[in-house]
Amino acid sequence: HGGAVPPPISWSFAGPFGTFDQQQLQRGFKVYREVCASCHGLKFLAFRNLADPGGPGFSEGQVKALAAEYKVKDGPNDQGEMFERPGRAADRFPEPFPNEQAAAVANGGKAPPDLSLMAKARTYERGFPWFIFDAFTQFAETGPNYIHAVLTGYEAAPAGFQMPDGGNYNRYFPGHVIAMPKPLNDGQVDYKGPDGKPQAPETIDQYSKDVSAFLMWAAEPKMMARKEIGFKAFIFLIVLAGLVYFVKKKVWAPLH
Ligand code: HEM
């Protein structure tokens with residue numbers, strides 16, 4: 001695909017028993033909000049989702065206060081006019097640009113894609129036999145691996161590389177020329193907790209991990225419930241298989 005293969009990362013949500021790390025999702029949301037949101041939408045996510053079980057775990061009060069900080073388009077009203085009002089918990093995240101064309105014009109011709117499903121969209125296959133092991137290990141999380149790789153993959157173009165106008169060299173982006181300028185720098189997002197100490201390293205690498213985890217949750221908000229039900233279904237099927245076996249033996253016993 002023209003980009004280097006992203007290094008695999010050990011995500012808390014990987015594997016059949018993986019769970020999202022609530023603190024990490026909260027940090028990742030902070031990164032999205034303070035850095036990515038100026039260019040990228042998150043149109044399938046509503047503010048209230050931030051309080052859903054299995055997610056970042058914000059309280060309803062926090063979500064209401066957060067939503068109210070945004071301006072949301074509404075209307076038409078009784079006079080037939082569109083208007084803006086403060087956001088409510090049920091609103092979805094407002095788009096950074098009025099439409100696709102405006103988004104492209106503001107970004108040198110390439111519209112920044114919506115990030116709601118990005119972690120599920122940008123996957124890659126590692127080929128046989130890896131895809132068999134991938135189903136059971138951390139390496140299956142290729143979407144977040146790729147997002148993390150792109151965010152940390154900015155470097156100087158190799159000598160002689162013809163860089164088109166507005167392009168940025170990225171080790172992992174297919175073709176290496178990405179329209180997105182390097183979005184993250186060390187120390188850019190404040191991770192200080194109530195005690196005044198950073199809750200996690202304020203580095204490009206950590207920001208990238210956190211926002212990738214957050215985008216994974218955004219793309220698959222019911223992941224934890226899915227894994228839990230999947231495990232129960234497994235146990236149920238094992239027990240059922242045993243019962244079916246012994247019932248069969250009993251029913252057919254007279255004919256032996
Ligand atoms: C593309 C993530 C910040 C502008 C992308 C892609 C991802 C991404 C995953 C898709 C790459 C692909 O197509 O494979 C993020 C994250 C950000 C962030 C997580 C915050 C940490 C920004 C900012 C801007 C921006 C602040 C604008 C200044 C773009 C543009 C593209 C893009 C224009 C299209 C690139 C192309 O197709 O060449 N971003 N982004 N991004 N982003 Fe960002």
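The values are calculated or read from the model by the stated rules, or taken from the named source; none is laboratory data. Computed from a prediction, not measured in an experiment: that's the story for all the values here. Positions of Cβ are generated from backbone atoms using ideal geometry, with glycine treated the same way; all protein chains shown enter the neighbour counts. Ligands, DNA and RNA are excluded from the accessible area calculation, which covers all protein heavy atoms including side chains. Shrake-Rupley method; radii C 1.70, N 1.55, O 1.52, S 1.80 Å.
With only Lys, Arg, Asp and Glu charged, each at its Cβ (+1 for the first two, -1 for the last two), find how big the charge dipole of region 189-256 is about the Cα centre; round to the nearest 20 debye.
Dipole magnitude for region 189-256 comes out near 820 debye.
For each pair in K30/K209; K30/K222; K110/K192; K73/K120, compute the distance between the two Cα atoms and list the pairs where it is over 24 Å.
Cα-Cα > 24 Å for K110/K192; K73/K120; rest within.
Where the only charges are on Cβ atoms (+1 Lys, Arg; -1 Asp, Glu), what is the dipole of the chain about its Cα centre, to the nearest 20 debye?
1120
Might you report the magnitude of the Cβ-based charge dipole of region 104-256 about its Cα centre, with Lys and Arg at +1 and Asp and Glu at -1, to the nearest 20 debye?
It works out to roughly 1020 debye.
Loop only by DSSP, 15 or fewer other Cβ within 10 Å of the Cβ. Give me the GluC sites (Glu not before Pro) in region 39-131 that pass, ordered by residue number.
When the GluC sites (Glu not before Pro) of region 39-131 are filtered for loop state and at most 15 Cβ neighbours within 10 Å, E69, E81, E125 remain.
GNM on the chain, C-alpha springs below 10 Å: top fluctuator among V239, V63, V211?
Judging by the Gaussian network model, the answer is V239.
Nearest 10 degrees is fine. How inclined is helix 223-252 to the longest principal axis of the chain, computing both from alpha carbons?
10
Can you bin region 1-117 into rounded, prolate or oblate? Criterion: square roots of the alpha carbon gyration tensor eigenvalues sorted a ≥ b ≥ c, rounded for a/c under 1.5, prolate for a/b above b/c, oblate for the rest.
oblate
Hey, what number do you get for the chain at 222 nm if only DSSP H runs of n ≥ 4 count, each worth -39500 (n - 2.57), divided across all residues, to the nearest 500?
Helix-only estimate at 222 nm: -11500 deg cm²/dmol.
Could you check which residue among Y146, Y245, Y172 shows the biggest mean-square fluctuation in a GNM of the chain with a 10 Å Cα cutoff?
Y245
Could you please state, rounded to a whole Å, how far the C-alpha centre of region 27-103 is from the C-alpha centre of region 186-255?
Result: 27 Å between the Cα centres.
Projected onto the charge dipole of the chain (+1 at Lys/Arg Cβ, -1 at Asp/Glu Cβ, origin at the Cα centre), which of I9, H176, A90 gives the Cα projection farthest towards the positive end?
I9
For region 48-110, what's the relative contact order in percent, using C-alpha pairs closer than 8 Å and at least 6 residues apart?
Dividing the mean separation by the residue count of region 48-110 yields 24 percent.
With springs only between Cα atoms under 10 Å, which of F20, F234, F246 fluctuates most in a Gaussian network model of the chain?
Among F20, F234, F246, the largest GNM mean-square fluctuation belongs to F246.
What number comes out for accessible area per residue over the chain if the probe is 1.4 Å? Units Å², please.
Accessible surface, normalised per residue, equals 60 Å².
Rank V251, P198, F234 by how far each Cα sits towards the positive end of the charge dipole of region 188-256 (+1 on Lys, Arg Cβ; -1 on Asp, Glu Cβ) and give me just the farthest.
Of the listed residues, the answer is V251.
At 1.4 Å probe size, what's the solvent-accessible area of K192? Round to the nearest 10 Å².
Per-residue accessible area (K192): approximately 110 Å².
Given the chain, report the % of alpha carbon pairs whose separation exceeds 28 Å.
Of all Cα-Cα pairs in the chain, 46 percent lie more than 28 Å apart.
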